[in-house]
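These notes are about the structure you will find just below.
The values are calculated or read from the model by the stated rules, or taken from the named source; none is laboratory data. Small disclaimer: the values here were computed from a predicted structure and weren't measured. Note that we place each Cβ from the backbone using ideal geometry, even for glycine, and neighbour counts take in every protein chain shown. All accessible areas refer to the heavy atoms of the entire protein, side chains included, with ligands and DNA or RNA removed. Shrake-Rupley method; radii C 1.70, N 1.55, O 1.52, S 1.80 Å.
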Amino acid sequence: MTATTLAERTEIRAMARELAQRELTPRAAALDAGGQDVLAECWRLLVELGLDRALLSEQHGGAGLGIPDLLATIEELAVGDGGIAMCVLLCNAALATLADEQLAEVPWGARWALVPAAPEVEVTVFGGALNGRLACALGAHGAYGLVVLLDGPAPMTWAVDTGAAGSRLERDLAQMGLRAAPAASVEATGAACAPTADESDGYSTAMSAASALALLRAGTAAIAHGIARRAYEMALEYAHARRQGGVAIIEHDAVSDMLSAMAVRLACWPQIAADPDGLAVEEAQALAAKIAATDAAVASTTDAVQVFGGTGYMVETGIEKLMRDAKYCQLFPEPNWVAQDELMRSERPGRAA
């Protein structure tokens, strides 16, 4: 079981909520603009609270949270900024795959990112050397290290130092959303890499590659829900304050219908269960939750833009950013149409659960 008590887990979530309100929400526009200084400051605050490695045990400087509590904490951060919440998710997922001796080499506060490679991407590992190219690797730009996840019949994760010879990262300037988790194109030409601990060790407590991928999907669902919460809060406040035709626009049927639909989507967000120790998520459930939550977030943020009317498309309102962030969640760690196909394959008769 996790080492933290219920009171401690509740406190961590409350600290994340307070940090989002006090620090992230006011900085959301600057983070979206790509400000590296503001990203560094926000990351420093997260490290102070230990959220960068909350999933790890106390032995490794973490809080020993189980996955459900980590997801709840990430959702609170996403209400402030979805990109920052994604950084926390990627870092926890990456560090959770490392062996004890690898974790011992990670500098305190260093930001890592778990980077899943799409099945069709040509990335190979031979003789401890990584070769290939990963486009739009979310959170990779500015990261100290990467854990590259190669999916397939036997998924594997490989740790790579971003400063190692043979690895080159270039910022993805066309990134649409979640810009506080800056994406990069990663090119590796014989870059040194090391396999992370895997459940095949027989004794390792590190997270397996398959579990890490499920965590990314469940975490993206939690981030999408946080984004949708923020969009609903902003749209509701605006609908009460904005007057048209002598009444607040919330009195207009079209606006009230959109707001009620947003409230229903929030109430129907799928809950994600973990194993008794809180250290793994059921893969099919994570896929389904990711699809449902991100589709709902896109619908809600689109409605929020319409509630704001013409001003909803202005950067200054912050609403159009939420729509871009939600749309990016639909595409990570794979596009929803790909996730739907994978989910249906997993449900076919004869397929192992």
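Some notes on this structure:
- Crossing angle, helix 283-308 versus the chain [Cα axis fit, 0-90 degrees, rounded to tens]: 30 degrees
- Surrounding net charge for residue 239, when Lys and Arg each add one and Asp and Glu each subtract one, Cβ distance under 14 Å: -4
- Beta-bridge orientation, the chain: approximately 80 percent antiparallel, per DSSP, counting only bridges with both partners inside.
- Other residues lying with their Cβ under 15 Å from the Cβ of residue 6 contribute a combined charge of -1, Lys and Arg counting +1, Asp and Glu -1.
- Projected-area mean, segment 116-223, by convex hull of Cα positions, square nanometres: 7.3 nm²
- Mean Cα-pair separation over length for segment 72-191, i.e. relative contact order, pairs under 8 Å, 6 or more apart, %: 27 percent
- Per-atom-type breakdown for segment 135-253 gives carbon and sulfur 52% of the accessible area (1.4 Å probe, protein chains only).
- The spacing between segment 78-149 and segment 224-238, judged by their C-alpha centroids, is 29 Å.
- Net charge of neighbours whose Cβ lies under 12 Å from the Cβ of residue 95, counting Lys and Arg as +1 and Asp and Glu as -1: -1
- Extension gain (nm, one decimal) between residue 185 and residue 36, 0.36 nm per residue minus Cα-Cα: 51.9 nm
- Gain on full stretching of the segment that runs from residue 261 to residue 135 - 0.36 nm per residue minus C-alpha separation: 41.8 nm
- Label-point gap, in nm, between residue 233 and residue 126 - each point 7 angstrom along Cα→Cβ: 5.2 nm
- C-alpha long axis of helix 6-19 to longest principal axis of the chain, angle in °: 60 degrees
- Acute angle (nearest 10 degrees) that the helix 209-241 long axis makes with the longest principal axis of the chain, alpha-carbon atoms: 20 degrees
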